[in-house]
């Protein structure tokens, strides 16, 4: 099944049609799980999954993966997926587990069995998991291990759940009310039975993904098979992998971005290698991936690792590296200008273009010398084979955009939400407008509206981002009121993001409507761009702006202790004048050097927080975004004193 120019229910540009030649099409699917039969035929003996950090190490070909998904589906059917209530939605099965080869087997096995799944991390709080179990009406539970199951006791045994499957090989506990078996026992159960064919309408529910629930109870986002199939068929415009290309899987697969990234790369015959933050550096070197899908914080950590290696060089070498980076910064700026890819100057004059050409020619020898001496070695830190890094889940700071472009690693930033399956737009490698979130993918529309009047605004004007397309969710499960607030009667989805459109329809995001800080002088401050600018400082590891209803901005800062100790010595007092003067200087420089700087952007008060924002302490989401409301609550006393 190869894509032809005329085969697709979506419209593609001529350039995108050309780029997709030879990629496998899934336009005729009725359910996501049908993909595996086609993939097994196309890529039979190609390695699909490598899970190197489990014992024993897991390696599965596409044929073996398809077989295991089928077996899991058979086992689920034997246990029972029939609904106990009259409902037009497919029966639900909860899947509380994290990234692994068995996760995707379970995820797709549930769908192949004729059910929809309700997914969440096994690390989520007990109350949240029990709420999802109840709200979804799940008839079965597939769970990471005994530890996670024990966390849900005793309430799980009084739920609607009729059976439980552990994804581990642990011997399950016996409970008279609910049948409980492990992964191997489920597969054994399947060996004596055959798969019952289930007719699924592509408009039926495929999965429920629950929002993080930072305000009130989490909402179940209903994504249909059609939503997900649209993504499979349109992401070919973004990356065009070759069969056998390796991808590193580090994002949580129960989250929509990590999940669709895995679905898509596996649909095209890639080899997926599971990794985590502990083994990322090692796996980049060992497996030398062509693609890595990640969030801004991941690229920030890679950048910090490279900066650390710079600081360990001799003073002479540090000076040489910094000189090369400075020259190359001017070089890429000039190239962006004559290509029309400078977000601050989208319509350069003829004189500016000629000047940029001259700068490019003059600086090219030094830039390429820097590539030979410095940048090639940095590329080796990512394995040396990266075609593109795929970034989503938040804005990418400008200093990261510049750095990775300088060293010759392409980052394609995309945009979307759980409610949009998730991808709405993404940059193309042939038109990589740094600072933007790219062009809408096929079948997708954007409009920018005034926050108050909801009137459509022209290009280049900033407002609320509305989106419409085949990937927009069916709604929030059992929550029609929230659905009506999110999607209007014309199908436009309120993203809650602030942004603007370039004349050629690329989306540029500037912040979240609900994150906007309003000062007492009436000025609206979008924190993200200022925070991104401040993160350029070697001494700032994490930062969150505060100042709602205050006269000026403040910040909570997690310092980079290693960089700080290198400069000032190990005996540090974070409240000392020398430390605070250093941070004052850093904040002033980075905010004032930012494009579009205004006096109201200045951070006049700050406090240094020694404890980093992490997933474990509840201050970061699973996709490494700062949970602003939780941080505000945790440090409310410090914030109050800061402004007092």
Q) What does the helix-only formula give at 222 nm for the chain: each DSSP H stretch with n ≥ 4 adding -39500 (n - 2.57), the total divided by the residues, and the result rounded to the nearest 500 deg cm²/dmol? A) -11000 deg cm²/dmol
**Q.** Residue-span extension gain [residue 179 to residue 307] - 0.36 nm each, minus C-alpha spacing
**A.** 40.8 nm
Q: Averaged over every viewing direction, what's the projected area of the C-alpha convex hull for the stretch 421-475? Give it in nm², one decimal, please.
A: 4.8
Q) Rg/Rh for the stretch 295-406: what does it come to with C-alpha atoms and Rh from Kirkwood? A) 0.99
Q) What nm value, rounded to one decimal, do you get for the distance between residue 57 and residue 571 when each label is placed 7 Å out toward the C-beta? A) 4.9
Q: Using a cut-off of under 16 Å, list every residue of the stretch 37-59 whose amide N is near the label point 7 Å from the Cα of residue 279 along the Cα-to-beta-carbon line.
A: 48-59
**Q.** Cα centroid of the stretch 585-614 to Cα centroid of the stretch 493-534, whole Å
**A.** 17
Q | Helix 225-234 axis, angle to the chain major axis (alpha carbon atoms, nearest 10°) | A | 50
Q | In nm, spacing of pseudo-spin labels at residue 130 and residue 372 (7 Å Cα→C-beta vector) | A | 6.7
Q) Binned at 10 Å from 0, what are the whole-percent values of the Cα-Cα distance distribution for the chain, short to long? A) 3, 15, 25, 27, 19, 9, 2, 0, 0
Q. Quick one: helix 296-311 against the long Cα principal axis of the chain, what's the angle to the nearest 10°, folded into 0 to 90?
A. 50
Q.
Could you work out the pair-distance distribution P(r) of the stretch 456-562 from its alpha-carbon pairs, with 5 angstrom bin width and percents rounded to whole numbers?
A. 2, 11, 15, 16, 16, 14, 13, 9, 4, 1, 0
Q) How long are the semi-axes of the ellipsoid equivalent to the stretch 44-130, from square roots of 5 times the Cα gyration tensor eigenvalues, in whole Å, largest first? A) 26, 19, 9
**Q.** Simple spin-label estimate for residue 188 and residue 502 in nanometres, 7 Å along Cα-Cβ
**A.** 5.9
**Q.** Segments 552-558, 565-571 sorted - mean Cβ within 10 Å per residue, highest first
**A.** 552-558, 565-571
Q) Per the Kirkwood treatment, what hydrodynamic radius in Å, one decimal, follows for the stretch 515-643 from the mean inverse distance over all distinct Cα pairs? A) 15.1
Q. In vacuo Debye scattering of the stretch 111-204, one point per C-alpha: log10 I(q)/I(0) at q = 0.13, 0.16 Å⁻¹?
A. -0.48, -0.73
Q. How far, in degrees from 0 to 90, does helix 126-136 lean away from the longest principal axis of the Cα atoms of the chain, to the nearest 10?
A. 60
Q) Between residue 145 and residue 597, 0.36 nm times their residue separation minus their Cα-Cα distance comes to what? A) 157.6 nm
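Read the figures in this text as sums done on the coordinates, not as results from a lab. Note that the structure is predicted; figures quoted are calculated from it, not measured. Don't worry about glycine lacking a Cβ; one is built from the backbone with ideal geometry, like all the others, and counts go over all protein chains shown.
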